[in-house]
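Read through the structure below, which is laid out as structure tokens, and then see the notes.
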Amino acid sequence: MPYTAEISRTNPGCFIFLVDQSASMSDPMESGETTQPRAEVVAGAINRLLTELSVKCAKEEGVRDYFHVAVIGYGHQHVGSAYQGALAGRDLVPLSEVANNPARVESRTKKVPDGAGGLVETTVQFPVWMDPVTNGGTPMTRALGYADTLVGNWVDAHPSGFPPIVLNLTDGESTDGDPTSAAIGLASHATADGPVLLFNLHVSGSGGAPITFPDSEEQLPDTYAKLLFQMSSVLPSHMRSYAASQGHRVSESTRGFVYNADIVSIVEFLDIGTRATELR
Amino acid sequence: MGDIPALPPAQWLWTQKAGSSEQECEDAAYFWQSGEAGVDSAGRAVASLYVAVSDGASESLLARDWATLLVRDAVESMRLAGDWWQELGTFVRDLMERSALHWDAFLTRYQAERATQGRPITWYEQPGLEKGAFATVLGAEIRATVLDDGTTHWFWFAFALGDSCVFQLREGRLVESFPVRSVEEFGITPQLLGSRNHDVRLVAERMRVTWGELLPGDELLLTTDALAAWVLSQSTDVGGNGIVALPAFDSFDRQDFADWVDDQRARGRMRNDDVTLVRMRAGSEA
């Protein structure tokens, strides 16, 4: 059965984030009543994804290297590492190094339940690995090609492992041609456990209701969204189960595609052992 | 009042997940038996062996410490309560209050030690510490009771939260499987006791209790989930005539057990996980 390989320190997983850093990412993402530059949404998502991955894999002695993670930016004349700080310039980095080397850790206040029906302000630490960047065109095809190289090397070195997961965060407006072929090429790499998984987060100014893990393109508002949906892999069965447990309607055609909605919950789809869940 | 026969000695075997060190094993087990006979609520002479097994959830911080604490507290709560299964709410309250007290003291010590070591709690640990540690808990009492006619009867009583299991075997047949009865019931989201859970009513509602009679030669196995799933994969008819082909555990030491588990993993018959077995045979040497 595919997508059942153990993810552990001896059989680590590979996560590649592709981040659109083109000029159009300075435009707002409109979803409901909130408006925010797309680049801010995407950088926030990356920082929270890396945070959630680190917390998920944290044990008493530190973060365990259950994953190696790359954050690849693509924008004006540049496709390459988007890490800032000590990790700048690096591609795949063991998760423990990621966790121990954010560019900075900000203190932010947030309101949490006070246990008596009210809210109280508390300070939380928010690590930052990348800031929003917006510049030039959208070489998505080149970015997928860059990921293709990383994935190819990873699969050669880990032929039995859980297949690499590539998550592309973009407004979808590729300026170096139709990325479909590059996406198909990327997803054609496979380990003995299954083909590479390519997921997409579409941040768009086209408005409409946020859509999470659809199983058809009917409700999608524009051609960019439909193209990214078509490029996205079908969710493996255990990921579908988690999506369903989080309240999403799923079918066997459900794809790893999110339109103007939260993608960070995807970290919960990853199995590294018994989950720490409250009794219900 | 007749003499109490010797309680069955318990055998404890365990091994860690492949790829982990021994110190990273997040299973825990503990057993204790009284040195002298007591008296039950009906005034009969009794002697008991108490056993507990716990499986710390790998996605939680300090799961090993929580599991280790829980098995000792579970044995203590059973021992102090007497017929603990008859007042489950009281038993659960005692266990949860006892473990919460011990856990708070442990956490205070842990955080002080980390500060002393120059390793304060990091941002990636903080959410896990706030969420708390999680583990299954399974407890059993094997009780010898001297009846009015002078004969001794053996019973076992067990409680479970989660998928750590107790099996009763008679002449190789699986007489009882508790609380899980089929391989399909195992998953990665078992019911767990969280170190910050203070909802006694909910835990008492979710906790399962059972009991059974032990005949001379019967075996009781308390196991964490990977071995439990292996046992259930050997016999699909709990209470039927199917034989569970167990290896000769009675002659195993820890290394033999680790070798056997490694072999089963290599054959794809057992999931890679920490594995714990506590085993007793009634009325004979283990």
Task: Built amide H within the under 5 Å cut-off of A:Val166, gap 5+ - done: A:Ile16, A:Leu197, A:Leu198, A:Phe199
Task: Contact order relative to length of chain A, as percent, for alpha carbon pairs under 8 angstrom and 6 or more apart - done: 22
Task: Positive-pole candidate from B:Leu193, B:Ser164, B:Leu147, dipole of the stretch B:147-201, charges at beta carbon - done: B:Leu193
Open item on the list: Of A:Pro37, A:Leu227, A:Gly177, which is farthest towards the positive pole of chain A's charge dipole, taken about the Cα centre with +1 and -1 on the beta-carbons of Lys, Arg and Asp, Glu respectively?
Closed with: A:Pro37
TODO: Take the Cβ-Cβ distance between A:Thr122 and A:Gln246 as r, set R0 to 22 Å, and report the resulting FRET efficiency rounded to the nearest 0.05.
DONE: 0.30
- [ ] Calculate, for B:Leu215 and B:Ala266, the FRET efficiency according to 1/(1 + (r/R0)^6) with r their C-beta to C-beta distance and R0 30 Å; round to the nearest 0.05.
- [x] 0.25
Task: Residue-averaged beta-carbon neighbours from other chains (10 angstrom radius) around A:264-276 - done: 5
Open item on the list: Based on alpha-carbon centroids, what's the gap between the stretch B:163-233 and the stretch A:205-233 in Å, whole number please?
Closed with: 46
TODO: Would you mind getting the accessible area per residue of chain B, heavy atoms of the protein chains only, 1.4 Å probe, in Å²?
DONE: 43
- [ ] Order the peptides B:23-31, B:136-144 from the highest to the lowest mean number of other Cβ atoms within 10 Å of their residues.
- [x] B:136-144, B:23-31
TODO: Considering only B:Ala133, B:Ala18, B:Ala158, give the residue with the highest GNM mean-square fluctuation for chain B, with springs between Cα atoms whenever their separation is below 10 Å.
DONE: B:Ala18
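Calculate, for chain A, the solvent-accessible area per residue in square angstrom, rolling a 1.4 angstrom probe over the heavy atoms of the protein chains.
Ligands and nucleic acids excluded, the figure is 41 Å² per residue.
Where does each of B:Ile243, B:Ile121 land when they are ordered by accessible area, with a 1.4 Å probe and the largest first? Mind showing how you got there, number by number?
Working: B:Ile243 105, B:Ile121 40 Å².
Most to least solvent-accessible, the answer reads B:Ile243, B:Ile121.
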Open item on the list: Averaged across A:51-60, how many Cβ atoms of other chains sit within 10 Å of each residue's Cβ atom?
Closed with: 6
Open item on the list: If I require 24 Å or longer along the helix axis, counting alpha carbons, and a Kyte-Doolittle average no lower than 0.0, what helices from chain B are left? Use full DSSP H segments.
Closed with: B:63-81
- [ ] Provide the buried accessible surface between chains B and A in square angstrom, both chains summed, 1.4 Å probe, rounded to the nearest 100.
- [x] 2900
Task: For B:Ser99, net neighbour charge (Lys/Arg +1, Asp/Glu -1) across residues whose Cβ lies under 15 Å away - done: -1
Open item on the list: Rounded to the nearest percent, how much of the accessible area of the stretch B:1-118 (1.4 Å probe, protein heavy atoms only) is carbon and sulfur?
Closed with: 48
TODO: Take the alpha-carbon centre of the stretch A:102-116, take the same for the stretch B:13-78, and report the distance between them in whole Å.
DONE: 37
Task: Using a Förster distance of 45 Å, the FRET efficiency for B:Arg170-A:Thr10 (Cβ separation, nearest 0.05) - done: 0.65
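Mind ordering A:253-260, A:235-242, A:205-212 by average Cβ neighbours within 10 Å, highest first?
Put in order of decreasing packing, that is A:253-260, A:235-242, A:205-212.
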TODO: Calculate what fraction, in whole %, of the accessible area of the stretch B:153-286 sits on carbon and sulfur atoms when a 1.4 Å probe is rolled over the protein chains.
DONE: 46
Task: Dipole magnitude of the stretch A:26-97 about its Cα centre (Cβ charges: Lys, Arg +1; Asp, Glu -1), debye to nearest 20 - done: 160
TODO: Just check the stretch B:91-146 against the gyration tensor rule for me: Cα atoms, a ≥ b ≥ c as the square roots of the eigenvalues, rounded for a/c under 1.5, and otherwise prolate or oblate depending on whether a/b exceeds b/c.
DONE: prolate
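So how do A:195-202, B:41-48 stack up, highest first, on mean other-Cβ count within 10 Å?
Those peptides, ordered most packed to least, come out A:195-202, B:41-48.
Classify chain A as rounded, prolate or oblate from the Cα gyration tensor: take a ≥ b ≥ c as the square roots of its eigenvalues, call it rounded if a/c is under 1.5, otherwise prolate when a/b beats b/c and oblate if not.
Here chain A falls in the rounded category.
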- [ ] Name the most mobile residue of B:Arg109, B:Arg196, B:Arg79, meaning the one with the largest mean-square fluctuation, in a Gaussian network model of chain B with Cα contacts below 10 Å.
- [x] B:Arg109
Task: Residues of the stretch B:170-214 buried by at least 50 Å² on assembly (accessible area, 1.4 Å probe, chain alone as reference) - done: B:Ile188, B:Leu192
Open item on the list: Which one, A:Val71, A:Val55, A:Val42, has the greatest fluctuation when you compute a Gaussian network model over chain A with C-alpha springs under 10 angstrom?
Closed with: A:Val55
Open item on the list: If you take each beta carbon of peptide A:117-129 and count the beta carbons of other chains within 10 angstrom, what is the mean?
Closed with: 1
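Order B:Lys17, A:Lys56, B:Lys131, A:Lys111, most accessible first, counting only protein heavy atoms with a 1.4 angstrom probe. All intermediate terms of the calculation are to be shown ahead of the outcome.
Working: B:Lys17 40, A:Lys56 15, B:Lys131 100, A:Lys111 135 Å².
Accessible-area ranking of B:Lys17, A:Lys56, B:Lys131, A:Lys111, largest first: A:Lys111, B:Lys131, B:Lys17, A:Lys56.
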Open item on the list: Suppose accessible area is computed on protein heavy atoms with a 1.4 Å probe; arrange A:Ser251, B:Ser177 from highest to lowest.
Closed with: A:Ser251, B:Ser177
Open item on the list: Which of the three applies to the stretch A:1-77, rounded, prolate or oblate, going by the alpha-carbon gyration tensor with a ≥ b ≥ c and a/c under 1.5 meaning rounded?
Closed with: prolate
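The values are calculated or read from the model by the stated rules, or taken from the named source; none is laboratory data. Note that this is a predicted model, so its numbers are computed, not measured. Don't worry about glycine lacking a Cβ; one is built from the backbone with ideal geometry, like all the others, and counts go over all protein chains shown. Each accessible area value is taken on the protein alone, full model and side chains, heavy atoms only, with ligands, DNA and RNA left out. Shrake-Rupley method; radii C 1.70, N 1.55, O 1.52, S 1.80 Å.
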